[in-house]
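For reference, the structure discussed in these notes is given below.
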Amino acid sequence: MFQFGFAGLAQHCLSATLGRAWLLGGLMLMFMLSACSSTTPLALYSVSQAELNQMAQQQISRLQQQVALKGLPLQFAVRQLDLQIAPAQQPVVLLSLQVQGSVDASLVQLPVGWQLELAAQPYFDRVKQGIYLRQFQLKHSEIHAGQWQGRLKPLTAPLQAELERLLADYPVYQLDKTKWQHRLLLDMPLQLQLLPGEIILTPAA
């Protein structure tokens with residue numbers, strides 16, 4: 001009788017344990033299904049506006065170029081770069097730039113100052129493992145070149161094209177293999193969601 005009672009008790013406890021396991025598994029499955037069916041993607045990592053600007057200040061020296069525009073040698077460098085994520089809830093990154101340069105014209109070097117704002121679409125490059133910009137749109141442009149300002153205005157369009165080409169190769173955020181949070185994202189298809197002041201990395205569909 002004692003053995004039968006003990007065996008029955010053990011079987012009852014085992015059944016109860018399996019029942020709780022099945023219940024927990026069912027709840028987890030329901031959670032996963034609801035997450036998959038939700039229109040809000042699962043956030044894996046977020047990048048703040050402060051982080052973007054910090055990285056920009058560390059790598060701003062890369063944003064310089066020497067080109068020939070309409071036969072005139074021109075050298076320029078970005079001296080200041082500020083980024084805003086989703087200003088006015090627009091799905092873009094707004095870049096405010098101050099560019100300094102010089103143009104060699106008739107054996108005279110003309111100093112040039114240029115302030116402009118560009119809006120761009122950020123995207124995640126899986127091969128380069130970073131956030132890059134594309135589809136630039138000019139929002140504001142103002143060039144300063146003293147008495148030569150009017151003559152240099154025709155150069156602003158090709159200069160803008162050179163600057164955009166340079167910015168397109170510039171990662172505004174790069175994953176770091178030495179950080180364990182970043183290693184979890186490496187080689188994973190990701191997409192971006194923009195919120196004011198923040199970029200959210202989510203699994204790509």
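Laboratory data are not the source of any read-out in this text; all were calculated from the coordinates shown. Only a predicted model underlies this, so the values are computations on that prediction, with no experimental measurement involved. Cβ sites come from the backbone with ideal geometry, for glycine too, and all protein chains shown count toward neighbours.
Computed 3J(HN,Hα) for the range 133-143, one whole-Hz value per residue from the Karplus formula 6.51 cos²θ - 1.76 cosθ + 1.60 where θ = phi - 60°, is 10, 7, 6, 6, 9, 6, 9, 7, 8, 8, 10, glycine and proline marked x. Starting from the Cα gyration tensor of the range 45-174, take the square roots of the eigenvalues, sort them a ≥ b ≥ c, and report rounded, prolate or oblate (rounded when a/c is under 1.5, otherwise prolate if a/b is larger than b/c, else oblate). Verdict is prolate for the range 45-174. Amide H contacts of Lys139: Glu117, Leu118, Ala119, each under 5 Å away and 5 or more positions distant or on a separate chain (H built 1.01 Å from N in the peptide plane; Pro and chain starts excluded).
Take Lys177, project a point 7 Å from its Cα along the Cβ direction, then tell me which residues of the range 104-141 have their backbone nitrogen under 17 Å from it. Under 17 Å, as judged by backbone N against the label point of Lys177, lie 126-131 of the range 104-141.
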